Amino acid sequence: MNISNLHYITDTTQGLEPLLKAGLNWVQLRVKNRNEKEMYNLADSFVALCEKYKAYSIINDYPKLARRVGADGVHLGKEDMSPAEARALLGKDFIIGGTANTFEDVEGLYEAGVDYVGLGPLRFTETKKNLSPVLGLEGYNEIMQSCQANSIRTPIIAIGGIAVEDLAALYDMGLHGVAVSAAIRKAQNPAAAVKAFLAVNAL
Ligand SMILES: Cc1ncc(COP(=O)(O)OP(=O)(O)O)c(N)n1
Ligand SMILES: Cc1nc(C(=O)O)sc1CCOP(=O)(O)O
Ligand SMILES: [Mg+2]
């Protein structure tokens, strides 16, 4: 399995199919404040849609649900199940991602054996409440240098207010990819926005 350069974060399956047709191959379902049944139904149809387009399906926050609906992976933050517990529950082939805001976070996730790290936020975003301190490009640079110095090679995905114009600078620093919600979801033409992100990745 290759960790994608473009992770799309969505809270719905509505409007997702044209984005998958546009070439998206990695989607994270990130839903807050739904009851268990609604969450199951949504996650189940999300996985079926991703399977139709051979895209990786990642469920945010809920490892047991991710396993139950046959998703490819789960993304876990500091308030969620620990990656070590999730690995024991889900096995070695399940994709597990973790959230970081500091080098120490990245190091801990690397030691816990996650498959990728979501590092952010790059800048303020309305998509997430209780945002960690904003890193800016300078913050990323420092953390990426520490990763290099410590031979940490886990793929690192930048997140938080990412725009297509940020990609060149982030890739220059050694970031593996980006996780994006609003820049695609709120674009006038979301499928065109997906293609614009993918075009940079293909350079
Ligand atoms: C790729 C990626 N990186 C970070 C996050 C944030 O996860 P978390 O800290 O658990 O916060 P919530 O998304 O649950 O609000 C993510 N979802 N994806
Ligand atoms: C889900 C999430 N986690 C973040 C973190 O910093 O951990 S920022 C974020 C929101 C990403 O969406 P957008 O591209 O709209 O900013
Ligand atoms: Mg979470």
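The values are calculated or read from the model by the stated rules, or taken from the named source; none is laboratory data. Computed from a prediction, not measured in an experiment: that's the story for all the values here. Here the Cβ is made from the backbone with ideal geometry for all residues, glycine too, and neighbour counts use every protein chain on show.
Worth a mention:
- Test: residue in segment 185-202 that is part of a loop (DSSP other than H, G, I, E, B), touching a helix residue (DSSP H, G or I) at 6+ places or on another chain (Cβ under 7 Å) and under 26 Å from TYR56 (Cα atoms): yes
Condition check ((1) hydrophobic (A, V, I, L, M, F, W, C); (2) within 15 Å of ligand 2 (Cβ to nearest atom); (3) modelled with pLDDT under 95) across all residues:
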residue	(1), (2), (3)
LYS52	no, no, no
MET81	yes, no, no
LEU89	yes, no, no
VAL106	yes, yes, no
LEU122	yes, yes, no
THR125	no, yes, no
ILE157	yes, yes, no
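- Evaluated against (1) within 16 Å of ligand 2 (Cβ to nearest atom); (2) more than 17 Å from ILE157 (Cβ to Cβ); (3) surrounded by fewer than 19 Cβ atoms within 10 Å (Cβ to Cβ), TYR62 falls short on exactly one condition, (3).
- Within segment 16-62, the set of residues being over 20 Å from LYS128 (Cβ atoms) and assigned to a loop (DSSP other than H, G, I, E, B) comprises ALA22, GLY23, LEU24, ASN25, ASN35, TYR53, LYS54, ALA55.
- Extreme residue, nearest to the chain's Cα centre (by Cα), among residues of segment 46-74 that are among the aliphatic types (A, V, I, L, M) and more than 16 Å from ligand 3 (Cβ to nearest atom): ALA55
- Residue in segment 135-148 that is more than 30 Å from ASN33 (Cβ to Cβ), under 17 Å from the mean Cα position of the chain (by Cα), more than 15 Å from ligand 3 (Cβ to nearest atom) and small (Gly, Ala, Ser) present: no
- Checking MET1 against (1) closer than 17 Å to TYR53 by Cβ; (2) within 16 Å of ligand 3 (Cβ to nearest atom); (3) modelled with pLDDT under 95, the condition it does not meet: (2)
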